[in-house]
1. Just give me the residues in region 65-107 being within 16 Å of ligand 2 (Cβ to nearest atom), under 14 Å from residue 327 (Cβ atoms) and touching a Ser or Thr at 6+ places or on another chain (Cβ under 8 Å), in sequence order.
2. Within region 345-381, track down each residue that is surrounded by fewer than 24 Cβ atoms within 10 Å (Cβ to Cβ) and farther than 26 Å from residue 43 by Cβ.
3. (1) among the small types (Gly, Ala, Ser); (2) surrounded by 24 or more Cβ atoms within 10 Å (Cβ to Cβ); (3) away from ligand 2 (no atom under 16 Å from the Cβ); (4) closer than 21 Å to residue 361 by Cβ: which one isn't true of residue 320, the others all being true?
4. May I ask you to list the residues in region 301-310 that are assigned to a helix (DSSP H, G or I) and within 16 Å of ligand 2 (Cβ to nearest atom)?
5. Considering only residues that are in a loop (DSSP other than H, G, I, E, B), small (Gly, Ala, Ser) and modelled with pLDDT of 95 or more, which ones fall in region 98-127?
6. Can you pull out the residues in region 147-181 that are surrounded by fewer than 23 Cβ atoms within 10 Å (Cβ to Cβ), under 29 Å from residue 45 (Cβ atoms) and over 14 Å from the mean Cα position of the chain (by Cα)?
7. If a residue must be in contact (Cβ under 8 Å) with a residue 40 or more places away in the chain, of a type in the set (Val, Ile, Thr) and farther than 18 Å from residue 182 by Cβ, how many such residues does region 70-114 contain?
8. One residue is enough: does region 89-109 have a residue meeting the conditions closer than 25 Å to residue 271 by Cα, of a type outside the set (Val, Ile, Thr) and surrounded by 15 or more Cβ atoms within 10 Å (Cβ to Cβ)?
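The values are calculated or read from the model by the stated rules, or taken from the named source; none is laboratory data. The shown structure was predicted, so the numbers you read here are calculated from the model rather than taken from an experiment. Backbone-built Cβ (ideal geometry, glycine too); neighbour counts: all protein chains shown.
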Amino acid sequence: MTTLFRNIRILAGIDRGIGDQPLRGSDLAKMTVIENAWLLVEDKVIAGFGPMDTAPAGIPEKDVVDATGRLVIPAWCDSHTHLVFAESREHEFIDKLKGLTYAEIAAKGGGILNSAAKLNAMSEDELFRLAWIRLQEAAKSGTAAIEIKSGYGLTVEGELKMLRVIRRLREKSRLTIKATFLGAHAYPAAFKQDHEGYLRMIEEEMLPVIATDHLAEYIDVFCEAGFFSLEETERVCRAGMANGLKPKIHANQLSHMGAVELGVALGAVSVDHLESMDEAAIQSLVNAGTIGTLLPSAAFFLRMPFQPARQLIDAGAAIALASDFNPGSSPSSNMNLVVAMACIQMKMLPEEAINAATLNGAAAMELASDHGSIKPGKIASIIMTRPVPSLAYLPYAFGSNHIEKVMVAGEFV
Ligand code: NIG
Ligand code: FE
């Protein structure tokens, strides 16, 4: 299948040949663009692009999309989601608005443990059906590559069920999907006083099956007071690594416990959240191979301070933006909103936010060699906007849908 986009007002996010490395420092703001451009897609890949006076001739009209007044940018690469879950938690949201405490909400049926109870009671087919609908919504909002975590099972069967659902999504969908094992999301009630017992269940009963059946690429741990200590986080990450999984850590969300520094020391692909950063944590990411993934919609929803994006960028850290889509702290998969929040609340420039949500998001899933930018040979996953005046208009006019078409791997969704 061939598609020629012509008269593109601005073609943005053109790869400047940095390979699969994330952009950092002042490079994050650099965005190569062509005004009045063409872009050719053949089968699943970008075949070429250039200024309109060099457009290829002879493409049948039925395969041509006129993009006059429109922008074309790479599709979003959302590197942190919990898209597989059983039920939404808006009742808990209302309780929080009314001032109920965490303990009161947990007692009434909120929190991770209650999501786990619902998930364990749901059939694999029903979980898949619901996750599939959410994945289509994410794709319609411009996401073409996505990482999805387990972590609402917290039992051997529940965790494996989630990972099998992610595998089915990957098999059926055109989106590129990476799977992360987050068995260390919370201690199940039965193991509240027996951390050793649950850690051994992860090490001896979950990880060997996940490794044998190739059910995940990454291992994640929620390193936080009341969840997994720094020592427990290191232990679970090392167990994952021994089974061929690379770490991606939930770090420094509510408190700074050294999880960012641990992730860097372990060679984690990313450390994610980063609402609670001190100078040592920021410095540890400078020139590190580990990407700092910022989740502004989780900070927004929980009324937390936003992540220190400017300090991280200016210090030279590589950062990505992701949605953290989950029923408890970020019930939205909309990366357009994430990009707008990053600009409005974290003072990222539009170019920085778009690069962080595309190429650097791809790098945080080890996909940057074929996703996240406009480059011949890369997967043709792109967003064509409605007629808009400029790139900056996208985050500026937040809350409106600026997307006219989304192409995922060469096909419109
Ligand atoms: O990334 N921080 C931990 N986990 C999720 C929220 C989990 C939940 O409340 O269901 C997060 O924010
Ligand atoms: Fe998360």
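1. Scanning region 65-107 gives 81, 83, 84, 85, 89.
2. Answer for region 345-381, where residues must be surrounded by fewer than 24 Cβ atoms within 10 Å (Cβ to Cβ) and farther than 26 Å from residue 43 by Cβ: 345, 346, 347, 349, 350, 351.
3. Every condition holds for residue 320 apart from (3).
4. If the condition is that a residue be assigned to a helix (DSSP H, G or I) and within 16 Å of ligand 2 (Cβ to nearest atom), then 301 is the only one that fits.
5. 123
6. Listed by number, the residues that qualify are 167, 168, 169, 170, 171, 172, 173, 174.
7. Looking only at that region, the number is 2.
8. The answer is no, given that none of the residues of region 89-109 is closer than 25 Å to residue 271 by Cα, of a type outside the set (Val, Ile, Thr) and surrounded by 15 or more Cβ atoms within 10 Å (Cβ to Cβ).
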